[in-house]
Amino acid sequence: MSLPYSVMYVSLLLGVLVDAAKLPSIVVSNVSHPHGTSLASLSAAVKEVEEKGNWWVKLGDNVYYTPAAADSLSKNVADYYHAMGLHSALTDDLKQRRVGGTGKHHIFHIPGGPQALPSIPSHGDRRHAISALTQLKAGTVLTLSFPTYVKSISYVSSFTEKQQSKEKSTVSVITEDLVMSYLRALTSLRSSGSDVTTRSASDPAASVVASKYLKTQFQGMGYTVCEHRFEYDGVPLSNIIAYVPGAKGGPPVVVGAHYDSRPFTGLAPGAEDNGSGVAALLAMAHAFKAQKVSPARPVMFVGFEAEEQGCIGSERFVEGLTSGDIPAECRPQETTSSFLQGRHARAAGTSAIIMDEIGWLKPGTGTPMVNLESHDWTKEVMEHLAQSSATHNGNKLRVEHSSNPFGSDHMSFLNRGLQAVLTINSFDEDYPNYHQSTDTISNVNGTMLMMIAKMNMGALVRLAGMA
(Lines give C-alpha, C1' and ligand atoms only; values in the text may rest on other atoms or scores of the structure.)
Protein backbone atom coordinates (compact mmCIF):
# COMPACT_ATOMS: atom_id res chain seq x y z
CA MET A 1 0.00 0.00 0.00
CA SER A 2 1.09 3.58 -0.56
CA LEU A 3 1.01 5.69 2.60
CA PRO A 4 -0.74 9.07 2.68
CA TYR A 5 1.64 12.03 2.87
CA SER A 6 0.73 12.91 6.46
CA VAL A 7 1.37 9.34 7.58
CA MET A 8 4.71 9.29 5.80
CA TYR A 9 5.63 12.55 7.54
CA VAL A 10 4.66 11.23 10.98
CA SER A 11 6.46 7.96 10.23
CA LEU A 12 9.69 9.78 9.40
CA LEU A 13 9.29 12.10 12.37
CA LEU A 14 8.64 9.39 14.93
CA GLY A 15 10.61 6.48 13.53
CA VAL A 16 8.18 3.84 12.21
CA LEU A 17 9.68 0.38 11.95
CA VAL A 18 8.74 -1.00 8.53
CA ASP A 19 10.45 -3.99 6.97
CA ALA A 20 9.56 -7.35 5.42
CA ALA A 21 9.52 -9.14 8.78
CA LYS A 22 7.48 -6.60 10.77
CA LEU A 23 4.09 -5.02 10.58
CA PRO A 24 4.32 -1.32 9.71
CA SER A 25 3.53 0.89 12.69
CA ILE A 26 3.15 4.46 13.84
CA VAL A 27 4.10 5.82 17.25
CA VAL A 28 1.14 7.89 18.38
CA SER A 29 1.84 8.89 21.98
CA ASN A 30 3.40 12.23 21.04
CA VAL A 31 1.51 13.02 17.85
CA SER A 32 -0.02 16.48 18.18
CA HIS A 33 -3.77 16.49 17.75
CA PRO A 34 -6.40 18.88 19.17
CA HIS A 35 -8.36 15.99 20.64
CA GLY A 36 -5.42 14.05 22.08
CA THR A 37 -4.44 10.47 21.26
CA SER A 38 -7.11 8.47 23.07
CA LEU A 39 -9.02 5.65 21.40
CA ALA A 40 -12.00 7.99 21.00
CA SER A 41 -9.96 10.41 18.90
CA LEU A 42 -6.89 8.90 17.26
CA SER A 43 -4.30 11.17 15.72
CA ALA A 44 -5.05 12.66 12.30
CA ALA A 45 -2.36 10.47 10.75
CA VAL A 46 -3.89 7.25 12.08
CA LYS A 47 -7.37 8.33 11.06
CA GLU A 48 -6.10 8.88 7.55
CA VAL A 49 -4.78 5.33 7.45
CA GLU A 50 -8.20 4.07 8.56
CA GLU A 51 -10.00 6.18 5.96
CA LYS A 52 -7.98 4.48 3.22
CA GLY A 53 -9.61 1.18 4.17
CA ASN A 54 -6.73 -0.16 6.23
CA TRP A 55 -7.18 -1.96 9.53
CA TRP A 56 -5.21 -0.99 12.62
CA VAL A 57 -4.35 -2.53 15.99
CA LYS A 58 -3.07 -0.42 18.88
CA LEU A 59 -0.54 -1.82 21.36
CA GLY A 60 0.71 0.71 23.87
CA ASP A 61 2.01 3.71 21.92
CA ASN A 62 2.21 1.83 18.63
CA VAL A 63 -0.51 1.53 16.02
CA TYR A 64 0.12 -1.37 13.63
CA TYR A 65 -1.66 -1.34 10.29
CA THR A 66 -2.20 -3.28 7.04
CA PRO A 67 1.10 -4.22 5.37
CA ALA A 68 1.78 -3.24 1.78
CA ALA A 69 0.56 -5.52 -1.01
CA ALA A 70 4.16 -6.31 -1.97
CA ASP A 71 4.96 -7.32 1.59
CA SER A 72 5.37 -10.99 2.54
CA LEU A 73 2.85 -10.53 5.35
CA SER A 74 -0.87 -11.15 5.01
CA LYS A 75 -3.24 -8.21 4.58
CA ASN A 76 -5.92 -10.10 6.56
CA VAL A 77 -6.07 -8.96 10.21
CA ALA A 78 -7.48 -12.38 11.17
CA ASP A 79 -4.07 -13.89 10.40
CA TYR A 80 -2.51 -12.06 13.37
CA TYR A 81 -2.57 -13.15 17.02
CA HIS A 82 -1.61 -11.65 20.37
CA ALA A 83 -0.10 -13.43 23.37
CA MET A 84 1.73 -12.51 26.57
CA GLY A 85 4.94 -13.96 27.94
CA LEU A 86 8.64 -13.21 28.10
CA HIS A 87 10.91 -13.60 25.06
CA SER A 88 12.57 -16.55 26.82
CA ALA A 89 9.33 -18.51 26.40
CA LEU A 90 9.11 -18.11 22.63
CA THR A 91 9.98 -21.09 20.45
CA ASP A 92 12.13 -20.56 17.36
CA ASP A 93 8.98 -20.81 15.25
CA LEU A 94 7.21 -18.12 17.30
CA LYS A 95 10.25 -15.86 17.13
CA GLN A 96 10.18 -16.09 13.34
CA ARG A 97 6.46 -15.29 13.32
CA ARG A 98 6.72 -12.33 15.71
CA VAL A 99 5.88 -9.25 13.66
CA GLY A 100 5.25 -6.70 16.39
CA GLY A 101 5.01 -6.07 20.09
CA THR A 102 6.91 -4.70 23.02
CA GLY A 103 8.08 -6.19 26.30
CA LYS A 104 6.00 -9.25 27.17
CA HIS A 105 3.33 -8.43 24.56
CA HIS A 106 3.74 -10.14 21.18
CA ILE A 107 1.94 -10.00 17.84
CA PHE A 108 2.42 -13.09 15.67
CA HIS A 109 1.70 -13.71 11.98
CA ILE A 110 -0.02 -17.13 11.83
CA PRO A 111 -2.05 -17.45 8.59
CA GLY A 112 -2.92 -21.08 9.31
CA GLY A 113 -4.11 -20.34 12.84
CA PRO A 114 -2.65 -21.78 16.09
CA GLN A 115 -3.25 -25.32 14.82
CA ALA A 116 -0.51 -24.67 12.24
CA LEU A 117 2.10 -24.36 14.99
CA PRO A 118 4.09 -27.46 16.01
CA SER A 119 3.78 -26.46 19.68
CA ILE A 120 2.72 -23.62 21.97
CA PRO A 121 4.63 -23.26 25.28
CA SER A 122 1.55 -23.01 27.48
CA HIS A 123 3.00 -25.00 30.40
CA GLY A 124 6.10 -24.39 32.44
CA ASP A 125 7.32 -21.68 34.74
CA ARG A 126 6.44 -17.99 34.37
CA ARG A 127 9.35 -17.32 32.03
CA HIS A 128 8.94 -20.32 29.78
CA ALA A 129 5.22 -20.20 29.02
CA ILE A 130 2.92 -17.84 27.13
CA SER A 131 -0.77 -17.06 27.33
CA ALA A 132 -3.30 -18.38 24.85
CA LEU A 133 -3.09 -16.93 21.36
CA THR A 134 -5.90 -14.43 20.79
CA GLN A 135 -6.96 -13.61 17.24
CA LEU A 136 -6.82 -9.89 16.53
CA LYS A 137 -9.62 -7.83 15.05
CA ALA A 138 -9.49 -4.44 13.37
CA GLY A 139 -9.52 -1.74 16.03
CA THR A 140 -8.20 -3.98 18.81
CA VAL A 141 -6.61 -1.93 21.60
CA LEU A 142 -4.05 -3.68 23.83
CA THR A 143 -2.65 -1.90 26.89
CA LEU A 144 0.84 -2.53 28.22
CA SER A 145 -0.03 -2.12 31.90
CA PHE A 146 -2.71 -4.05 33.72
CA PRO A 147 -5.82 -2.04 34.54
CA THR A 148 -7.09 -1.67 38.08
CA TYR A 149 -9.76 -4.27 38.73
CA VAL A 150 -13.14 -2.54 38.67
CA LYS A 151 -15.33 -3.85 41.47
CA SER A 152 -19.04 -4.32 40.87
CA ILE A 153 -21.13 -1.61 42.51
CA SER A 154 -23.96 -4.11 42.94
CA TYR A 155 -21.87 -6.53 45.02
CA VAL A 156 -23.51 -7.35 48.34
CA SER A 157 -22.19 -9.81 50.90
CA SER A 158 -24.53 -12.74 51.49
CA PHE A 159 -23.30 -13.04 55.07
CA THR A 160 -25.31 -12.09 58.12
CA GLU A 161 -23.83 -9.52 60.49
CA LYS A 162 -22.58 -12.34 62.71
CA GLN A 163 -20.94 -14.11 59.75
CA GLN A 164 -19.29 -10.88 58.60
CA SER A 165 -17.87 -10.51 62.09
CA LYS A 166 -16.53 -14.08 61.90
CA GLU A 167 -14.88 -13.30 58.55
CA LYS A 168 -13.18 -10.21 59.99
CA SER A 169 -11.94 -12.04 63.07
CA THR A 170 -10.56 -14.83 60.87
CA VAL A 171 -8.74 -12.44 58.58
CA SER A 172 -7.34 -10.53 61.58
CA VAL A 173 -5.46 -13.64 62.69
CA ILE A 174 -3.18 -13.21 59.69
CA THR A 175 -0.36 -10.88 60.71
CA GLU A 176 2.99 -10.01 59.21
CA ASP A 177 4.75 -11.88 62.00
CA LEU A 178 2.70 -15.01 61.25
CA VAL A 179 3.37 -15.15 57.51
CA MET A 180 7.03 -14.28 57.92
CA SER A 181 7.54 -16.95 60.58
CA TYR A 182 6.30 -19.57 58.12
CA LEU A 183 8.50 -18.10 55.40
CA ARG A 184 11.58 -18.24 57.61
CA ALA A 185 10.92 -21.91 58.31
CA LEU A 186 10.33 -22.73 54.63
CA THR A 187 13.51 -21.00 53.47
CA SER A 188 15.53 -22.87 56.07
CA LEU A 189 14.50 -26.40 55.05
CA ARG A 190 17.30 -28.76 54.10
CA SER A 191 17.59 -32.53 53.85
CA SER A 192 19.32 -34.52 56.57
CA GLY A 193 23.07 -34.13 56.57
CA SER A 194 23.01 -31.33 54.01
CA ASP A 195 23.94 -27.69 54.49
CA VAL A 196 22.14 -26.64 51.28
CA THR A 197 18.75 -24.99 51.65
CA THR A 198 16.42 -26.27 48.93
CA ARG A 199 12.91 -27.58 48.24
CA SER A 200 13.67 -28.67 44.67
CA ALA A 201 11.42 -31.45 43.38
CA SER A 202 14.48 -32.72 41.49
CA ASP A 203 16.14 -33.54 44.82
CA PRO A 204 14.29 -36.56 46.32
CA ALA A 205 15.68 -35.99 49.82
CA ALA A 206 14.75 -32.29 49.81
CA SER A 207 11.32 -33.14 48.44
CA VAL A 208 10.65 -35.50 51.34
CA VAL A 209 11.69 -32.88 53.89
CA ALA A 210 9.52 -30.18 52.34
CA SER A 211 6.43 -32.37 52.02
CA LYS A 212 6.88 -33.62 55.59
CA TYR A 213 7.07 -30.04 56.85
CA LEU A 214 3.75 -29.16 55.22
CA LYS A 215 2.12 -32.35 56.44
CA THR A 216 3.31 -31.76 60.01
CA GLN A 217 2.09 -28.15 60.00
CA PHE A 218 -1.37 -29.07 58.71
CA GLN A 219 -1.68 -31.95 61.17
CA GLY A 220 -0.66 -29.69 64.04
CA MET A 221 -3.53 -27.37 63.12
CA GLY A 222 -5.97 -30.26 63.42
CA TYR A 223 -6.76 -30.95 59.75
CA THR A 224 -7.42 -34.24 58.01
CA VAL A 225 -4.22 -34.45 55.94
CA CYS A 226 -3.46 -36.58 52.88
CA GLU A 227 -0.49 -37.18 50.64
CA HIS A 228 -1.58 -37.30 47.02
CA ARG A 229 1.32 -39.33 45.62
CA PHE A 230 2.52 -39.44 42.01
CA GLU A 231 5.73 -39.86 40.05
CA TYR A 232 7.54 -37.64 37.59
CA ASP A 233 10.72 -38.65 35.79
CA GLY A 234 10.87 -41.69 38.04
CA VAL A 235 10.94 -39.57 41.21
CA PRO A 236 8.16 -40.12 43.79
CA LEU A 237 6.44 -36.82 44.63
CA SER A 238 3.33 -35.70 46.45
CA ASN A 239 0.78 -32.94 46.81
CA ILE A 240 -0.08 -32.29 50.45
CA ILE A 241 -3.79 -31.72 51.16
CA ALA A 242 -5.47 -30.36 54.29
CA TYR A 243 -9.19 -31.04 54.04
CA VAL A 244 -12.33 -29.61 55.63
CA PRO A 245 -15.69 -31.19 54.66
CA GLY A 246 -18.47 -28.78 53.80
CA ALA A 247 -21.61 -28.82 55.91
CA LYS A 248 -23.75 -28.58 52.77
CA GLY A 249 -21.48 -30.51 50.41
CA GLY A 250 -21.00 -29.43 46.82
CA PRO A 251 -17.85 -28.71 44.82
CA PRO A 252 -14.74 -27.64 46.72
CA VAL A 253 -12.96 -24.35 47.17
CA VAL A 254 -9.26 -25.00 46.59
CA VAL A 255 -6.50 -22.77 47.95
CA GLY A 256 -3.16 -23.77 46.47
CA ALA A 257 0.52 -22.86 46.20
CA HIS A 258 3.49 -24.82 44.88
CA TYR A 259 6.12 -25.60 47.49
CA ASP A 260 9.04 -26.65 45.27
CA SER A 261 11.86 -24.23 44.49
CA ARG A 262 14.63 -23.55 41.99
CA PRO A 263 17.47 -23.78 40.95
CA PHE A 264 17.04 -27.53 40.52
CA THR A 265 20.48 -28.11 42.07
CA GLY A 266 22.42 -26.32 44.75
CA LEU A 267 21.16 -23.54 47.01
CA ALA A 268 17.47 -22.85 46.30
CA PRO A 269 15.76 -21.04 49.20
CA GLY A 270 12.87 -19.97 46.93
CA ALA A 271 11.63 -17.19 49.20
CA GLU A 272 9.60 -15.23 46.63
CA ASP A 273 9.06 -18.21 44.31
CA ASN A 274 7.22 -19.68 46.00
CA GLY A 275 7.91 -19.61 49.71
CA SER A 276 5.75 -16.49 49.79
CA GLY A 277 2.72 -18.35 48.44
CA VAL A 278 3.19 -21.32 50.77
CA ALA A 279 3.68 -19.07 53.80
CA ALA A 280 0.35 -17.40 52.98
CA LEU A 281 -1.25 -20.83 52.47
CA LEU A 282 -0.14 -21.96 55.94
CA ALA A 283 -1.17 -18.68 57.55
CA MET A 284 -4.62 -18.94 55.97
CA ALA A 285 -5.01 -22.56 57.09
CA HIS A 286 -3.94 -21.55 60.61
CA ALA A 287 -6.47 -18.71 60.75
CA PHE A 288 -9.27 -20.88 59.37
CA LYS A 289 -8.79 -23.46 62.13
CA ALA A 290 -8.00 -20.97 64.88
CA GLN A 291 -11.36 -19.28 64.36
CA LYS A 292 -13.19 -22.60 63.91
CA VAL A 293 -14.77 -21.61 60.63
CA SER A 294 -17.44 -24.13 59.58
CA PRO A 295 -17.69 -23.90 55.77
CA ALA A 296 -20.79 -24.72 53.79
CA ARG A 297 -18.65 -26.05 50.92
CA PRO A 298 -15.62 -28.34 51.24
CA VAL A 299 -12.27 -26.56 51.51
CA MET A 300 -8.94 -27.98 50.34
CA PHE A 301 -5.64 -26.31 51.28
CA VAL A 302 -3.10 -27.80 48.86
CA GLY A 303 0.66 -27.61 48.55
CA PHE A 304 1.47 -28.56 44.95
CA GLU A 305 4.77 -30.14 44.04
CA ALA A 306 6.75 -29.97 40.78
CA GLU A 307 5.25 -26.75 39.47
CA GLU A 308 8.70 -25.80 38.24
CA GLN A 309 8.78 -28.85 35.96
CA GLY A 310 5.58 -27.70 34.23
CA CYS A 311 2.72 -27.55 36.75
CA ILE A 312 2.97 -31.31 37.23
CA GLY A 313 1.55 -31.44 40.77
CA SER A 314 -1.51 -29.31 40.03
CA GLU A 315 -2.13 -31.24 36.81
CA ARG A 316 -2.14 -34.51 38.73
CA PHE A 317 -4.34 -32.96 41.42
CA VAL A 318 -7.05 -31.90 38.96
CA GLU A 319 -6.79 -35.25 37.18
CA GLY A 320 -7.11 -36.90 40.60
CA LEU A 321 -10.34 -35.09 41.33
CA THR A 322 -11.64 -36.36 38.00
CA SER A 323 -10.48 -39.95 38.36
CA GLY A 324 -11.03 -40.21 42.09
CA ASP A 325 -7.45 -41.23 42.93
CA ILE A 326 -7.07 -38.55 45.59
CA PRO A 327 -7.26 -40.30 48.98
CA ALA A 328 -10.91 -40.78 49.91
CA GLU A 329 -10.62 -38.98 53.26
CA CYS A 330 -9.58 -35.80 51.43
CA ARG A 331 -11.89 -36.03 48.44
CA PRO A 332 -15.23 -34.18 48.28
CA GLN A 333 -17.94 -36.72 47.58
CA GLU A 334 -19.57 -34.74 44.78
CA THR A 335 -16.40 -33.65 43.03
CA THR A 336 -15.91 -36.56 40.65
CA SER A 337 -19.41 -36.33 39.17
CA SER A 338 -19.00 -32.57 38.77
CA PHE A 339 -15.72 -32.96 36.91
CA LEU A 340 -17.13 -35.67 34.67
CA GLN A 341 -19.43 -33.05 33.19
CA GLY A 342 -16.43 -31.83 31.20
CA ARG A 343 -16.75 -28.22 30.16
CA HIS A 344 -20.02 -27.98 32.08
CA ALA A 345 -17.93 -28.29 35.25
CA ARG A 346 -17.46 -24.54 35.03
CA ALA A 347 -21.09 -24.15 36.09
CA ALA A 348 -20.64 -26.73 38.84
CA GLY A 349 -18.93 -24.08 40.96
CA THR A 350 -15.48 -25.53 41.66
CA SER A 351 -13.27 -22.57 42.62
CA ALA A 352 -9.53 -22.17 43.14
CA ILE A 353 -7.35 -19.39 44.55
CA ILE A 354 -3.72 -19.94 43.57
CA MET A 355 -0.77 -18.08 45.09
CA ASP A 356 2.59 -17.77 43.35
CA GLU A 357 5.16 -14.99 43.93
CA ILE A 358 3.19 -12.68 46.20
CA GLY A 359 5.92 -11.04 48.27
CA TRP A 360 8.12 -8.86 46.05
CA LEU A 361 7.48 -5.12 45.90
CA LYS A 362 9.31 -3.62 42.93
CA PRO A 363 11.51 -0.74 44.10
CA GLY A 364 10.07 2.66 43.27
CA THR A 365 6.49 1.49 42.75
CA GLY A 366 5.18 2.81 46.08
CA THR A 367 1.78 1.23 46.65
CA PRO A 368 1.90 -2.60 46.73
CA MET A 369 0.08 -4.13 43.75
CA VAL A 370 -1.39 -7.58 43.21
CA ASN A 371 -2.49 -9.00 39.88
CA LEU A 372 -5.61 -11.17 39.58
CA GLU A 373 -4.60 -13.23 36.56
CA SER A 374 -7.35 -15.28 34.94
CA HIS A 375 -9.88 -15.41 32.15
CA ASP A 376 -12.77 -13.00 32.54
CA TRP A 377 -15.26 -15.85 32.98
CA THR A 378 -13.87 -16.41 36.50
CA LYS A 379 -15.60 -13.18 37.53
CA GLU A 380 -17.13 -14.71 40.67
CA VAL A 381 -13.76 -15.58 42.19
CA MET A 382 -12.11 -12.31 41.12
CA GLU A 383 -14.97 -10.26 42.51
CA HIS A 384 -14.72 -11.90 45.93
CA LEU A 385 -10.96 -11.30 45.94
CA ALA A 386 -11.23 -7.62 45.01
CA GLN A 387 -14.11 -6.95 47.40
CA SER A 388 -12.29 -8.78 50.20
CA SER A 389 -9.20 -6.62 49.68
CA ALA A 390 -11.32 -3.46 49.87
CA THR A 391 -12.80 -4.68 53.15
CA HIS A 392 -9.60 -5.84 54.82
CA ASN A 393 -6.88 -3.69 53.21
CA GLY A 394 -8.73 -0.54 52.22
CA ASN A 395 -6.73 1.28 49.55
CA LYS A 396 -3.34 0.07 50.80
CA LEU A 397 -3.20 -2.68 48.17
CA ARG A 398 -3.90 -1.93 44.51
CA VAL A 399 -5.72 -4.80 42.80
CA GLU A 400 -5.07 -5.22 39.06
CA HIS A 401 -6.34 -7.71 36.51
CA SER A 402 -4.78 -9.52 33.56
CA SER A 403 -7.06 -11.58 31.31
CA ASN A 404 -4.12 -13.38 29.68
CA PRO A 405 -3.26 -16.19 32.12
CA PHE A 406 -0.17 -18.38 31.73
CA GLY A 407 2.66 -20.11 33.50
CA SER A 408 1.45 -21.30 36.92
CA ASP A 409 -0.85 -23.77 38.66
CA HIS A 410 -4.06 -21.87 37.84
CA MET A 411 -3.68 -23.12 34.26
CA SER A 412 -4.30 -26.73 35.33
CA PHE A 413 -7.78 -25.64 36.43
CA LEU A 414 -8.53 -23.10 33.71
CA ASN A 415 -7.62 -25.52 30.93
CA ARG A 416 -10.41 -27.77 32.19
CA GLY A 417 -12.96 -25.01 32.44
CA LEU A 418 -12.68 -24.67 36.22
CA GLN A 419 -12.69 -21.25 37.88
CA ALA A 420 -9.22 -20.40 39.14
CA VAL A 421 -7.46 -17.10 39.76
CA LEU A 422 -3.73 -16.62 40.22
CA THR A 423 -2.82 -13.98 42.78
CA ILE A 424 0.68 -12.75 41.97
CA ASN A 425 2.55 -9.55 42.75
CA SER A 426 2.61 -7.11 39.85
CA PHE A 427 5.87 -6.80 37.86
CA ASP A 428 6.71 -10.43 38.63
CA GLU A 429 8.70 -10.64 35.38
CA ASP A 430 11.08 -7.94 36.67
CA TYR A 431 12.13 -9.85 39.79
CA PRO A 432 15.94 -10.03 39.44
CA ASN A 433 16.44 -13.10 41.66
CA TYR A 434 13.98 -15.39 39.86
CA HIS A 435 15.11 -19.05 40.01
CA GLN A 436 18.44 -18.08 41.55
CA SER A 437 20.14 -18.88 44.82
CA THR A 438 19.71 -15.19 45.69
CA ASP A 439 15.92 -15.61 45.98
CA THR A 440 16.19 -15.09 49.73
CA ILE A 441 13.83 -13.84 52.42
CA SER A 442 15.44 -10.39 52.36
CA ASN A 443 13.67 -9.79 49.03
CA VAL A 444 10.19 -10.34 50.49
CA ASN A 445 8.07 -7.47 51.75
CA GLY A 446 6.22 -8.83 54.79
CA THR A 447 3.50 -6.18 54.78
CA MET A 448 2.62 -6.84 51.16
CA LEU A 449 2.64 -10.60 51.73
CA MET A 450 0.29 -10.17 54.69
CA MET A 451 -2.14 -7.98 52.74
CA ILE A 452 -2.42 -10.44 49.86
CA ALA A 453 -2.94 -13.29 52.34
CA LYS A 454 -5.71 -11.26 54.01
CA MET A 455 -7.38 -10.63 50.65
CA ASN A 456 -7.28 -14.32 49.82
CA MET A 457 -8.50 -15.30 53.27
CA GLY A 458 -11.60 -13.13 53.03
CA ALA A 459 -12.33 -14.42 49.52
CA LEU A 460 -11.97 -18.02 50.68
CA VAL A 461 -14.48 -17.54 53.48
CA ARG A 462 -16.94 -15.87 51.09
CA LEU A 463 -16.58 -18.56 48.43
CA ALA A 464 -16.91 -21.42 50.93
CA GLY A 465 -19.77 -19.81 52.82
CA MET A 466 -20.58 -20.56 56.45
CA ALA A 467 -22.81 -23.26 57.86
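Just one of the listed residues (F159, F146, F108) is in a loop (DSSP other than H, G, I, E, B), within 15 Å of L59 (Cβ to Cβ) and among the aromatic types (F, W, Y), and it is F146.
Every condition in (1) within 24 Å of L133 (Cα to Cα); (2) at pLDDT 95 or above; (3) assigned to a helix (DSSP H, G or I) is met by E383 except one, and the failing one is (1).
If you go through segment 186-202 and keep only what is out of contact with any Asp or Glu (no Cβ under 8 Å at 6 or more places or on another chain), aliphatic (A, V, I, L, M) and crowded, with 19+ Cβ neighbours inside 10 Å, you end up with L186, L189.
Mind checking which pairs have a first residue in segment 68-80 that is farther than 19 Å from E50 by Cα and in the same structural domain as L23 (by TED's automatic domain parsing) and a second that is part of a loop (DSSP other than H, G, I, E, B) and not polar (S, T, N, Q), Cβ under 6 Å, 6 or more apart or different chains? Going by the 6 Å Cβ cut-off, the qualifying pairs are S72/A20. Restricting attention to segment 256-282, the residues being more than 19 Å from G124 (Cα to Cα) and not in a helix (DSSP H, G or I) number 3. Cβ-Cβ distances below 8 Å connect the following pairs, each with a first residue in segment 449-464 that is among the charged types (D, E, K, R), a second residue that is not in a helix (DSSP H, G or I), and a separation of six or more residues or different chains: K454/I174; R462/S157; R462/S158; R462/F159.
For T391, the requirement of being in a helix (DSSP H, G or I) and closer than 18 Å to V171 by Cα is met. Scanning segment 142-180 for residues that are buried (at least 16 other Cβ atoms within 10 Å of the Cβ), at pLDDT 95 or above, of a type outside the set (A, V, I, L, M) and within 26 Å of the chain's Cα centre (by Cα) yields Y149, E167, T170, E176.
Please verify whether A285 is among the small types (G, A, S), in a helix (DSSP H, G or I), at pLDDT 95 or above and out of contact with any Lys or Arg (no Cβ under 9 Å at 6 or more places or on another chain), treating the condition exactly as stated. For A285, the condition - among the small types (G, A, S), in a helix (DSSP H, G or I), at pLDDT 95 or above and out of contact with any Lys or Arg (no Cβ under 9 Å at 6 or more places or on another chain) - is met.
Taking every residue in segment 412-438 that is at positive phi and touching a residue at least 12 places away in the same chain (Cβ under 8 Å) and pairing it with any residue that is part of a loop (DSSP other than H, G, I, E, B) and β-branched (V, I, T), at least 6 positions away or on another chain, the pairs with Cβ-Cβ distances below 9 Å are F427/T365. Taking S374, is it under 25 Å from I107 (Cα atoms) and surrounded by 24 or more Cβ atoms within 10 Å (Cβ to Cβ)? Considered against the rule, which asks whether it is under 25 Å from I107 (Cα atoms) and surrounded by 24 or more Cβ atoms within 10 Å (Cβ to Cβ), S374 comes out as yes.
The values are calculated or read from the model by the stated rules, or taken from the named source; none is laboratory data. Treat the numbers as computed from the prediction; the structure is a model and nothing was measured. Positions of Cβ are generated from backbone atoms using ideal geometry, with glycine treated the same way; all protein chains shown enter the neighbour counts.
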